[in-house]
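Here the structure is laid out as C-alpha cells; the discussion comes afterwards.
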Amino acid sequence: MNTTSSHTFWGAYFVVQTLLCALWWFAILSSDQMAAYFAPDQAHAVSYLRMFWLADLICVVGGSALCAMTIFARHRLIQQALWWTSGAITFASLYCVALWLDTQQAGLCVALMVPATLMTVCAAQLLTDS
C-alpha cells in the first residue's frame, strides 16, 4: 500500500471508529436494555458501563477523531495522536479483559474492544514508520 492509500485507509478507519464508538455510547447511555448486553451482571449494568463514558468519549472517541483529522491533514502531530489513542484504547480494552477474566461475563465488550485496539496500535506502528 502506498503512502497516500495507506493514509486514506487509516483516516477512513478512524472516522468509522469514531462514529461507531460514539453511537455505542449513545445506545448505552440512552437504553438500560442495551447496557445490559455489555455489563458483567444485570443488577449493575448501568453503573458498570456509565462510569466510563466521560473518559472514553474524550480519550477514545475524541482521540479517534483527532487521529482521522491529523491523518487526512498530514499534520505533524499524527504520531502523537495515534499513540495517545493507542494508549487510551489499550487501557479500556485491558479493563474489559480483566472484567471478563474476573466475572466470566461481558465477553461482548472484549470481542469489540480487542480488535479495535489491535487496529489502532497497528495504525500507530505503520504510520509512525511511514
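Where a number appears in this text, it was derived from the coordinates with a stated rule and is not lab data. These figures come from a predicted structure and were not determined experimentally. A quick note on method: Cβ atoms are made from the backbone with ideal geometry, for glycine too, and the neighbour counts reach across all protein chains shown.
Worth a mention:
- Cβ-Cβ under 6 Å pairs, at least 6 apart or on other chains, the stretch 102-115 side within 15 Å of PHE91 (Cα to Cα), far side outside any loop (DSSP other than H, G, I, E, B): CYS109/PHE38; CYS109/CYS96; VAL110/CYS96; VAL110/VAL97; VAL110/TRP100; MET113/SER93; MET113/CYS96; VAL114/SER93
- Failed item in (1) under 25 Å from GLN104 (Cα atoms); (2) surrounded by 13 or more Cβ atoms within 10 Å (Cβ to Cβ); (3) of a type outside the set (Phe, Trp, Tyr); (4) without any contact (Cβ under 8 Å) to a residue 40 or more places away in the chain, with PRO40 passing the rest: (4)
- In the stretch 1-33, the qualifying residues are those that are within 18 Å of HIS75 (Cα to Cα) and among the small types (Gly, Ala, Ser), and the one that is farthest from the chain's Cα centre (by Cα) is SER5.
- Restricting the stretch 50-92 to residues that are part of a loop (DSSP other than H, G, I, E, B) and without any contact (Cβ under 8 Å) to a residue 60 or more places away in the chain leaves a set whose member that is nearest to the chain's Cα centre (by Cα) is PHE52.
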